[in-house]
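Participant: This is the structure, below, for whatever I ask next.
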Amino acid sequence: MRVGVPKEIKNNEYRVGLTPASVAELVNAGHEVVVETKAGDGIDFSDQSYVEAGARIAPDAKSVFAESDMIVKVKEPQAQEIALLEPRHLLFTYLHLAADKPQAEGLMKSGATCIAYETVTANDRSLPLLKPMSEVAGRMSVQVGAHYLEKEQGGRGVLLGGVPGVAPARVAILGGGVSGVNAAQMAVGMRADVTIYDISNARLAELDMFFGSQIKTAYASRAAIAKAVSEAELVIGAVLVPGAAAPKLVTRDMLKTMKRGSVLVDIAIDQGGCFETSRATTHDNPVFEVDGVIHYCVANMPGAVARTSAIALNNATLPFVLKLANEGAEAAMKADSHLANGLNVSGGKIRHLAVAEALDLPFDAAA
């Protein structure tokens, strides 16, 4: 199969769909790989390193799409990339369609087969291709939260871990999944006062066993969240409903009870965000203020640590890329129901129920 890797064009996105090491694996398996020039420059993967791995270098994205059967990316295709897709193409990348109807409609119009990293599943019902970036985003959320709590950044002027004689900041983490756990690990390491909120009692019990006395846990009732928001200096939104839009857990009215200079970090922004006041931001302009509360809602958070993120992502995606290249999309998905769960769009139809429901578009399971 001919596999194409275009340069990412989203704001300040330096990750790359395939690293040179991944390219070498594909070439060794008998496939051709075409990489757009400078696709990996931002994270020190030169064109020469791709050539040495066996790839051909193309001058632009148009050439990559024209010469390839499968396109492997990191972020959702932008409008000019969707315009290059054809029915013959297999697109393998993050899509996050539940919060992006125009993208969904563009992919439907293209006729391409589009498999989303974020809805591929595993035997334990986890999301193996979302996990590495959830880990990165969770850990980053505490870093950026601590930064924007600084007075110079418009924050409350609070040190996350406090000092002897001064209490640490209170951190409320909404969601006890992969992102939430990684956020908690970082916040605990910085000696913050951490509480994780979740609606699964079983998950809360697991978290209690894992962290012991390092954190507190609480059932995520509306009343509990309202109280948490009013007391915390840093609130991290880490909820996820696979394929669907994130629930709005923090309302505008709740926001008004927060301390001035407090910080919200919305990890769920790719799926629409879990704060009512959230809107997607970029690394160029990452924050905005509502009612005196700083909102960090960057839609590609892991792009800020692009080299770490690209390598971690490739570690997870490469086995699936090889499977798709070796067997073809139809046979690979027929043989692997977990990969089939990643199918979001094909033949002009929405193939994922949660996506269809979120976008109020017809669902057609037949692929």
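Participant: In segment 5-73, which strands (runs of 3 or more DSSP E) lie fully inside it and hold 1 or more residues that are modelled with pLDDT under 95 and of a type in the set (Val, Ile, Thr)?
Facilitator: none
Participant: On to the next question. Tally up the residues in segment 164-175 that are in contact with a strand residue (DSSP E or B) (Cβ under 9 Å, 6 or more places away or on another chain) and surrounded by fewer than 24 Cβ atoms within 10 Å (Cβ to Cβ), please.
Facilitator: 3
Participant: Hey, another quick one. Listed residues 81, 76, 86; which is farther than 30 Å from residue 239 by Cβ and outside the structural domain of residue 177 (by TED's automatic domain parsing)?
Facilitator: Residue meeting the stated conditions: 86.
Participant: Suppose the filter is in contact with a Leu (Cβ under 8 Å, 6 or more places away or on another chain), charged (D, E, K, R) and buried (at least 21 other Cβ atoms within 10 Å of the Cβ); does residue 81 pass it?
Facilitator: no
Participant: Look through 304, 325 and report the one residue that is in a helix (DSSP H, G or I) and either modelled with pLDDT under 95 or within 30 Å of residue 152 (Cα to Cα) (or both).
Facilitator: From the options 304, 325, the qualifying one is 304.
Participant: In segment 334-360, what residues are surrounded by 17 or more Cβ atoms within 10 Å (Cβ to Cβ), touching a strand residue (DSSP E or B) at 6+ places or on another chain (Cβ under 6 Å) and not in a strand (DSSP E or B)?
Facilitator: 342, 351, 352, 355, 356, listed by residue number.
Participant: Would you say residue 87 is part of a loop (DSSP other than H, G, I, E, B) and either under 19 Å from residue 32 (Cα atoms) or under 25 Å from the mean Cα position of the chain (by Cα) (or both)?
Facilitator: The answer is no for residue 87.
Participant: Listed residues 107, 159; which is outside the structural domain of residue 266 (by TED's automatic domain parsing), among the aliphatic types (A, V, I, L, M) and modelled with pLDDT of 95 or more?
Facilitator: 107
Participant: Oh, and also: Looking at 261, 212, which one is buried (at least 17 other Cβ atoms within 10 Å of the Cβ), over 24 Å from residue 130 (Cβ atoms) and in the same structural domain as residue 164 (by TED's automatic domain parsing)?
Facilitator: One residue alone meets the criteria, 261.
Participant: Oh, and also: Identify the residue in segment 211-251 that is free of Cβ contacts under 8 Å to residues at least 24 places away in the same chain and of a type in the set (D, E, K, R) and, among all such residues, is farthest from residue 186 (Cα to Cα).
Facilitator: Checked segment 211-251; the qualifying residue farthest from residue 186 (Cα to Cα) is 222.
Participant: Which of the numbered conditions does residue 279 fail, given that it passes all the others? Conditions: (1) crowded, with 24+ Cβ neighbours inside 10 Å; (2) without any contact (Cβ under 8 Å) to a residue 24 or more places away in the chain.
Facilitator: (1)
Participant: Sticking with this structure for a sec: From the list 354, 306, 340, 325, pick out the single residue that is touching a Lys or Arg at 6+ places or on another chain (Cβ under 8 Å), among the small types (Gly, Ala, Ser) and over 20 Å from residue 142 (Cα atoms).
Facilitator: Just one listed residue meets the conditions, 340.
Participant: Starting from residues that are farther than 24 Å from residue 328 by Cβ and of a type in the set (Lys, Arg), keep the ones in segment 1-55 and report whichever is surrounded by the fewest Cβ atoms within 10 Å (Cβ to Cβ).
Facilitator: Filtering segment 1-55 for residues that are farther than 24 Å from residue 328 by Cβ and of a type in the set (Lys, Arg), the one surrounded by the fewest Cβ atoms within 10 Å (Cβ to Cβ) comes out as 38.
Residues are listed down the side, and each one gets a yes or a no for (1) basic (Lys, Arg); (2) free of Cβ contacts under 8 Å to residues at least 24 places away in the same chain; (3) within 18 Å of residue 212 (Cα to Cα):
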{"position": "149", "(1), (2), (3)": "no, no, no"}
{"position": "156", "(1), (2), (3)": "yes, no, no"}
{"position": "160", "(1), (2), (3)": "no, no, no"}
{"position": "189", "(1), (2), (3)": "no, yes, yes"}
{"position": "192", "(1), (2), (3)": "no, no, yes"}
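Participant: Among the residues that make up segment 187-196, is at least one of them closer than 20 Å to residue 240 by Cα, in the same structural domain as residue 230 (by TED's automatic domain parsing), surrounded by fewer than 22 Cβ atoms within 10 Å (Cβ to Cβ) and touching a strand residue (DSSP E or B) at 6+ places or on another chain (Cβ under 9 Å)?
Facilitator: Yes, segment 187-196 contains a residue that is closer than 20 Å to residue 240 by Cα, in the same structural domain as residue 230 (by TED's automatic domain parsing), surrounded by fewer than 22 Cβ atoms within 10 Å (Cβ to Cβ) and touching a strand residue (DSSP E or B) at 6+ places or on another chain (Cβ under 9 Å).
The values are calculated or read from the model by the stated rules, or taken from the named source; none is laboratory data. Just so we're clear, the structure is a prediction, and the values are computed from it rather than from any experiment. In this analysis, Cβ positions are derived from the backbone assuming ideal geometry, glycine residues included, and neighbour counts consider all displayed protein chains.
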